Amino acid sequence: MRRHFVLLLLLCRWPASAQQTPQSPTPSPAPALQLSPQAAYDEAIHPLDIVRSNAQNWSDSELAALAVAQDLAKTSCLARTPDQFTGENLLAYARLCALAQQWLQVKRAGTSYLIAQSAAKPEDKLTGFPNLSMAFDYVIQASLHLDDPVNAFGTAQTMLRTVPYDAMASEASNATVRYVQLIHTDQAIALLAQRQPLLLALLKAHAAPSAVQEQSAHPPLTIHDLYADAIALPAMQQFANDPKAAASAFAELEAAVPTSLSPDDAILTAGLRRQYLLLGSPLPRIPASAWLLDPVTFAVPGDLNARFGAGSIFLLFPDWCAQCVAAGQRFMPAAARLNKSGVYFYALLAQADPKPPIPKEAPKLPKPATSGAKAGAGAKPETPHVEIQLSVRPIPAVLLLSTPTLIVPMETLDTFVASDFPLIIATDHDSIVRYIRPAPDNALVEGGLIDQIADRILEQWAPPAK
């Protein structure tokens with residue numbers, strides 16, 4: 001009887017439970033985007049490329065080989081003239097002379113190639129000069145090395161009107177902008193504005209890959225490469241204190257980016273966007289742990305986010321950047337020059353160890369026995385004393401002692417989306433970020449890029465009169 005009662009209860013409950021909506025499983029979080037193996041390799045090898053790209057980090061044997069190569073190239077370059085060559089041989093000659101750093105010959109060879117293309121028959125213009133963009137690039141780079149920005153600027157404008165936008169056009173126009181950005185900011189903006197429609201059109205064309213391929217015989221630039229070039233316009237407009245134009249250019253760029261992106265393009269483009277959005281915003285907090293100007297006596301100089309003077313310029317780099325550490329000898333002179341106008345200068349050394357390097361006292365060694373001491377009867381002869389010196393390479397923080405350098409955590413690199421070093425970060429007197437770009441090798445020389453940035457910030461965002 002009890003068995004039938006239990007069965008009846010189960011049957012009575014069944015309809016009620018059958019009408020309940022089954023709970024859907026909790027959705028698992030979407031997997032984080034990952035770079036492709038090739039992009040991950042490029043990211044991993046980038047530190048080595050940065051260090052290897054600077055000849056001062058090469059070994060003595062490599063420097064000696066470079067000197068021999070340049071000497072041989074110079075002899076061969078000067079033994080010939082551009083008038084001897086036509087077509088692709090002109091560009092080979094330009095390459096030879098570029099190795100020898102004979103920039104006048106490089107310029108003449110590239111110009112001869114361009115003149116020949118301009119004078120060619122219409123049917124030969126397209127097929128007879130397959131490396132037209134390379135010729136433009138040689139002329140522009142040679143003009144910049146010859147301190148002729150006027151010719152470089154005009155040639156870059158002609159290049160953008162003449163050849164499809166490819167890696168050569170990108171390199172040449174970017175080099176011109178970097179050269180004139182502080183001395184002729186209006187020209188830099190004009191050149192960036194001229195190429196912007198080309199970049200936006202290529203971004204939109206990536207939705208139809210065949211359309212991209214038809215525009216150039218060279219492999220098309222990736223979306224994140226195009227985005228990196230395109231975002232330079234609003235960044236330069238920000239530095240010219242024209243936030244309205246910058247906002248318009250940025251919105252137009254964002255509208256041109258395809259909605260469907262590969263993981264590589266999505267990740268790399270997001271990083272470029274995040275760095276750009278730092279411009280015009282308050283400086284993120286910099287959690288410095290030590291002040292290498294005097295790590296024993298002084299602590300970190302106040303709250304960095306409340307001590308900006310008339311402006312502040314930071315030079316950010318990781319401890320593995322050898323050429324960045326080697327530039328430490330210029331930190332104090334740069335700081336002294338900038339401080340005269342009320343601008344503060346700080347180097348930011350990113351490393352995992354937050355502790356400052358404090359030299360330790362060398363252990364006291366027992367004095368060796370004097371040569372006049374006589375050994376007792378039956379004493380063993382003394383073991384000869386041999387000093388062994390081990391060469392230990394000092395750590396970067398030790399090399400930067402007594403310089404205006406702050407130790408910051410490695411996470412600081414991600415805060416500023418830093419991938420090329422050293423990275424310049426400049427703010428005005430209100431701690432608003434006004435400039436973020438990698439520094440050239442000569443940025444710290446007197447009258448160089450650091451000084452020019454400080455002058456521009458004082459001009460555009462002058463501190464209030466006291």
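The values are calculated or read from the model by the stated rules, or taken from the named source; none is laboratory data. As the structure is a computational prediction, the values presented were derived from the model and not from experiment. Virtual Cβ from ideal backbone geometry, glycine too; neighbours counted across all protein chains shown. The protein model used for the area step is the full one, side chains on, heavy atoms only, and it has no ligands, DNA or RNA in it. Shrake-Rupley method; radii C 1.70, N 1.55, O 1.52, S 1.80 Å.
Annotation: amide H-H contacts under 5 Å for V343 (H modelled 1.01 Å from N, sequence separation of 5 or more, or interchain): A310. In the complete set of protein chains, residue-level accessible area for I183 is approximately 90 Å², probe 1.4 angstrom. Leaving out ligands, DNA and RNA, what percent of the accessible area of the range 387-466 is carbon and sulfur, probe 1.4 Å? Its accessible area is 51 percent carbon and sulfur atoms.
With Kirkwood's inverse mean 1/r over C-alpha pairs for Rh, give me the Rg to Rh ratio of the range 225-313, two decimals please. Value, to two decimals: 1.13. Largest first, the residues K355, K466 sort by 1.4 Å accessible area into K466, K355.
Arranged from highest to lowest average of other beta-carbon atoms within 10 Å per residue, in what order do the peptides 74-80, 248-254, 403-409 appear?
Ranking, from highest mean packing down: 403-409, 248-254, 74-80.
Rolling a 1.4 angstrom probe over the protein heavy atoms with all chains in place gives the range 247-344 an accessible area of 45 Å² per residue.
If you take all other residues with their beta carbon under 12 Å from the beta carbon of N89, and give Lys and Arg +1 and Asp and Glu -1, the sum is 0.
Counting heavy atoms of the protein chains alone, K107 has an accessible area of about 40 Å² for a 1.4 Å probe. Cross-link partners among aspartates and glutamates for K107, C-alpha distance below 16 Å, same-chain residues fewer than 8 apart left out? Here the aspartates and glutamates satisfying the reach criterion relative to K107 are D83, E88, D137, D147, D148.
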